[in-house]
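Only one structure is covered here, and it is reproduced in the block below.
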Amino acid sequence: MHDQLAALYPQHLATLRERADKALALGGFDHLLIAAGMPTEKFLDDQDFPFAVNPHFKHWLPLTDAPGSWIIHTPGRKPKLVFLQPRDYWHVVPQAPQGYWVEHFEIVIVRNAAEALAALPAGNRAVIAPGPVEGVEVNNPGAVFDYLHWHRSFKTPYELALMREASRIGTRAHRAAADAFRAGASEFNIHMAYLDAARQIDAELPYASIVGLNEHGAVLHYSRFDRTPPPSSRSLLIDAGASAAGYASDITRTYAAADAGEFQALIDSVDAAQQGFVSMVRAGQSYPDLHIHAHHVLAGVLREHGIIRMSAESAVESGVSSAFFPHGLGHSIGLQVHDVAGFQQGERGGTIARPAGHPYLRMTRTLEPGMVVTIEPGLYFIDMLLAELRDKPVSKDIDWDKVEAFKPYGGIRIEDDVVCTDDAPENLTRDAFAQAS
């Protein structure tokens, strides 16, 4: 992996420098300064939240634990890293930079924030930072952001290599979680099995894991982690990812107990539908259109399994499909799980609105080669949304006995990370699962 990254990194850096030059020209700036950021202090406490590096910083460097450091880009000059290595016996001090990327930077090691600021160039600066920095005017200029965010949607070969690694780590951990479920573990212990297999702690994961047994699978962002296993583990919905040098994977799987015949059949149908949606991740495909298509297909699944008696078209038009599939089909992913520019109209900004009636869709762009998106359809049995359906005329076209039979299983979500290419899509998640088998 090291040799592959070493071979791919120079072109990645050249691409970022070219983008930065154009972004600075658009904004009328001479320098781009990117702060790694600092840990956020907890309210009324002397402890910090876990450090989360500025995504713009880790775009340039595989450094996720360098608080107080800076990247400096000036067109025509070698990029500079101002690396803060404080004198500190309370905490682990970051190691001096090393690895395949260091030869491409001028590196200045400083001992405190004042020395870091003194190393920054004066002049007309675009300063990207996650919060205020004493002694520096943080402007996060819109023109620079718009250009950089738009082009961040298109992953370099270096970035894709890291995302494949994040998928490999995530699928390895998902297999361990599935084994723990089948052994009757609690949600908490399933999560612990996941962390152990990933070799990452919670703070290192790209997002907080969702581990829901039985009815808890109907809570879209379930985060309780019951410590005691239920009397009967009927189903598991696990939505959990992993990180590789700051790049994310985002993977969801749903499992059923061996005796869950009808629910397993429903999982199989959603899985088949999901793979059909993945096959449509092609250049020129409107993501909102793909989302609407998913509603029609999933409505057909509901009809096939006897949950609804109306046509798929009627289920979508009446909002019935949205009661069972109430979130978006997916989102952009990369340096962040819900990556930037999902709604952006072009490199100079603008917004592409969501389709009417679909307020939770996180991506409205047309797919292009180099984009990576998640495809995560779901079907859920959510009390609040089902109660709303019962009060509508369409209630007569729903088999409520079937609904009640499925409610103890919570719901289904199946999610893969997929690369749009010039040809067939690359499914990072399925490829990683296949390698691990």
Consider residue 221 carefully, then state whether it is modelled with pLDDT of 95 or more, in a loop (DSSP other than H, G, I, E, B) and farther than 18 Å from residue 195 by Cβ. yes
Any idea which of (1) touching a His at 6+ places or on another chain (Cβ under 7 Å); (2) surrounded by fewer than 23 Cβ atoms within 10 Å (Cβ to Cβ) is the one residue 336 doesn't satisfy? (1)
Could you tell me whether residue 94 is closer than 24 Å to residue 110 by Cα, surrounded by fewer than 20 Cβ atoms within 10 Å (Cβ to Cβ) and not aliphatic (A, V, I, L, M)? yes
Condition check: more than 30 Å from residue 384 (Cβ to Cβ), touching a residue at least 40 places away in the same chain (Cβ under 8 Å), part of a helix (DSSP H, G or I) and in contact with a helix residue (DSSP H, G or I) (Cβ under 9 Å, 6 or more places away or on another chain). Does residue 216 satisfy that? no
Does residue 282 satisfy being closer than 30 Å to residue 158 by Cβ and open to solvent by 30 Å² or more (accessible area, probe 1.4 Å)? yes
So residue 16, is it part of a strand (DSSP E or B) and touching a strand residue (DSSP E or B) at 6+ places or on another chain (Cβ under 9 Å): no
Selection from the range 39-76 of residues that are surrounded by fewer than 19 Cβ atoms within 10 Å (Cβ to Cβ), of a type in the set (A, V, I, L, M, F, W, C) and over 22 Å from the mean Cα position of the chain (by Cα): 43, 44
Matching residues, the range 386-430, being in contact with a Ser or Thr (Cβ under 7 Å, 6 or more places away or on another chain) and acidic (Asp, Glu): 415, 416, 417
Tell me, please, whether a residue that is hydrophobic (A, V, I, L, M, F, W, C) and surrounded by fewer than 21 Cβ atoms within 10 Å (Cβ to Cβ) can be found in the range 229-243. no
Just the residues that are within 20 Å of the chain's Cα centre (by Cα) and of a type in the set (S, T, N, Q), please, taken from the range 138-195. 153, 156, 167, 171
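The values are calculated or read from the model by the stated rules, or taken from the named source; none is laboratory data. Keep in mind it's a predicted model, so treat the numbers as computed, not measured. As a convention, Cβ positions derive from the backbone with ideal geometry for all residues, glycine included, and neighbour counts pool all protein chains shown. All accessible areas refer to the heavy atoms of the entire protein, side chains included, with ligands and DNA or RNA removed. Shrake-Rupley method; radii C 1.70, N 1.55, O 1.52, S 1.80 Å.
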